[in-house]
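Working notes, beginning with the structure itself.
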Amino acid sequence: MRNIPYINAVGLLVYLAITSRPDIAYTAELLAHFNSNPGMAYWKAVKHAFCYLKGTLNMKLEYGPDEDMEELFVTFCDADHGGNPDNRKSTSGVLVN
């Protein structure tokens, strides 16, 4: 793993998650946990994330009114309190429709 740029690749995933790709935020955060001691399985996961990004280049979010709905936006949120068995941390998510 010494010759594999794992930390650089994960840093790029985190940057993309913050700036333009919130759909990979959880994956980037999870992979960043293993920066100090990554293994080949995590490197394969990083490469899989980049394949996902390449395959979804043309996808985008568009916000606008829906003719069938009275509201301009409908927002949903959910949380998993303490659902991570490794550290008992919570995960939350928000969807704006």
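Under the condition of being surrounded by fewer than 15 Cβ atoms within 10 Å (Cβ to Cβ), assigned to a helix (DSSP H, G or I) and in contact (Cβ under 8 Å) with a residue 24 or more places away in the chain, the residues counted in the stretch 24-40 number 2. Can you name every residue in the stretch 40-76 that is at pLDDT 85 or above and more than 19 Å from the chain's Cα centre (by Cα)? Correct list: MET40 only. In the stretch 77-97, the qualifying residues are those that are at pLDDT 75 or above and closer than 20 Å to LYS60 by Cβ, and the one that is surrounded by the most Cβ atoms within 10 Å (Cβ to Cβ) is GLY93.
Filtered by the rule that a residue be surrounded by 13 or more Cβ atoms within 10 Å (Cβ to Cβ) and in a helix (DSSP H, G or I), the stretch 8-23 gives ALA9, VAL10, GLY11, LEU12, LEU13, VAL14, LEU16, ALA17, PRO22, ASP23.
The values are calculated or read from the model by the stated rules, or taken from the named source; none is laboratory data. Predicted, not measured: the structure shown is a model, and the values here were computed from it. All Cβ positions, even for glycine, are placed from backbone atoms using ideal geometry, and neighbour counts span all protein chains on display.
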